[in-house]
Amino acid sequence: FKADLASYRRRFPQLNDGSNHADKATGEIHRRSRSGVTIALRKRPIFDYELDRGDYDVVSIDNRSRTEEDICVVHKAEMHADMQQKLMKHVSVPLTAAFDEQCTDDSIYRHVAQPLVLEALNGRVATIMMFGQTGSGKSFTISGIEQRAVSSIFDAVDTSGQMPVSLQFVELCGSREINDLLSKRSNETVKLADQDDGTCKMLGAITIQVASADALMDAIRGGKSRRATEATDKNGTSSRSHSVCQIRIGQGCLNLLDLAGSERRGDSLYHDSQRQKESAEINASLWALKVSHCCVFAYWDQ
């Protein structure tokens with residue numbers, strides 16, 4: 001399998017070449033968005049412990065061949081039904097943007113997040129959502145985005161001097177409850193209420209006003225320290241909840257969502273009953289999200 005994969009990549013030298021849209025201006029990738037939605041993929045590097053156990057990289061990124069989309073190629077290593085012949089299937093997945101393992105947080109922010117931060121600064125609502133398997137690097141990536149977004153927000157606020165900035169930060173724990181991550185009391189829960197205009201309001205959620213980038217980052221770090229995490233086979237500090245960080249800038253709003261990681265059955269094989277229940281709730285909520293997105297795209301296609 002490794003020899004076949006190496007041969008395939010030699011035939012297509014643009015795969016994983018580390019370019020990661022370095023030649024494109026800020027906002028150029030955002031203009032590819034479909035009905036305002038950008039689907040971006042970030043490939044994480046393979047870890048040493050994975051190499052030690054014989055794993056190998058089966059994902060390739062091509063962000064040079066096409067002008068209006070990028071391609072993620074998944075190399076599926078399979079055995080023929082006779083269990084004698086090896087088969088390598090190369091499955092291509094089109095995306096708004098894709099970045100290989102050599103990309104930096106600065107590149108991710110400039111091409112994916114910064115245009116949305118500018119939307120929020122201009123009085124609109126923008127959302128960045130991290131979705132993926134546990135251990136894939138969602139929390140790592142959102143942390144880099146948070147730091148840069150906060151800096152950009154207060155660069156603009158300091159210039160205008162007329163945009164108040166506030167923060168709400170909650171976590172959704174499966175089907176059980178919504179916890180306020182800005183509260184130092186662990187029993188502080190939040191309720192959701194549907195509004196007449198079709199929006200949803202968080203009742204009882206603490207809202208804090210912040211006057212500087214440092215104050216906002218301190219509040220976000222404090223909230224993240226109260227988030228539900230547990231050690232799993234794939235991740236020593238796996239998030240067991242979906243976090244919703246809502247930053248309001250004047251009339252605009254930036255939502256930063258870090259979803260709990262999806263898990264295969266094999267990932268949770270050695271969990272205790274509580275962790276298995278959490279995994280089932282996480283997967284059920286992510287499945288509901290996937291179905292709702294399919295319905296939205298189907299509506300747009302009509």
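When you scan region 193-222, how many residues do you find that are in contact with a Ser or Thr (Cβ under 8 Å, 6 or more places away or on another chain) and either touching a residue at least 60 places away in the same chain (Cβ under 8 Å) or in a helix (DSSP H, G or I) (or both)?
1
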Residues of region 18-37 classified as open to solvent by less than 60 Å² (accessible area, probe 1.4 Å) and either part of a helix (DSSP H, G or I) or at pLDDT 90 or above (or both), total: 9
Pairs returned, first residue in region 61-88 that is on the phi < 0 side of the Ramachandran plot, second residue that is among the aromatic types (Phe, Trp, Tyr) and part of a loop (DSSP other than H, G, I, E, B), beta-carbon separation under 8 angstrom, 6 or more apart or interchain, are ASP62/PHE12; ALA77/PHE1; LYS86/PHE1; MET88/PHE1
Boolean, GLY204 is open to solvent by 30 Å² or more (accessible area, probe 1.4 Å) and of a type outside the set (Phe, Trp, Tyr): yes
Any residue at all in region 152-162 that is closer than 23 Å to GLY261 by Cα, among the aromatic types (Phe, Trp, Tyr) and out of contact with any Phe, Trp or Tyr (no Cβ under 9 Å at 6 or more places or on another chain)? no
For residues that are small (Gly, Ala, Ser) and in a strand (DSSP E or B), scanning just region 38-60, find the one that is least open to solvent (accessible area, probe 1.4 Å). SER60
Any idea which of (1) more than 26 Å from THR141 (Cα to Cα); (2) surrounded by 15 or more Cβ atoms within 10 Å (Cβ to Cβ); (3) of a type in the set (S, T, N, Q) is the one ASN63 doesn't satisfy? (1)
List the number of the failed condition for ILE108; all other conditions in (1) farther than 19 Å from ALA149 by Cα; (2) in contact with a Phe, Trp or Tyr (Cβ under 7 Å, 6 or more places away or on another chain); (3) among the β-branched types (Val, Ile, Thr) hold. (1)
Conditions (1) open to solvent by less than 40 Å² (accessible area, probe 1.4 Å); (2) modelled with pLDDT of 95 or more; number of the one not met by ARG148: (1)
Restricting to region 226-252, name every residue that is open to solvent by 60 Å² or more (accessible area, probe 1.4 Å), at pLDDT below 90 and not charged (D, E, K, R). THR229, ALA231, THR237
Return yes or no: is LEU5 in contact (Cβ under 8 Å) with a residue 24 or more places away in the chain, surrounded by 15 or more Cβ atoms within 10 Å (Cβ to Cβ) and within 23 Å of the chain's Cα centre (by Cα)? no
Suppose we keep only residues that are among the small types (Gly, Ala, Ser) and within 19 Å of the chain's Cα centre (by Cα) within region 66-111. Which one would you say is surrounded by the fewest Cβ atoms within 10 Å (Cβ to Cβ)? SER107
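The values are calculated or read from the model by the stated rules, or taken from the named source; none is laboratory data. Here the structure is a predicted model, which means the values were calculated and not measured. Every residue, glycine as well, gets a Cβ built from its backbone with ideal geometry; the counts of neighbours run over all protein chains shown. SASA here: full protein model, heavy atoms, side chains in, ligands and nucleic acids out. Shrake-Rupley method; radii C 1.70, N 1.55, O 1.52, S 1.80 Å.
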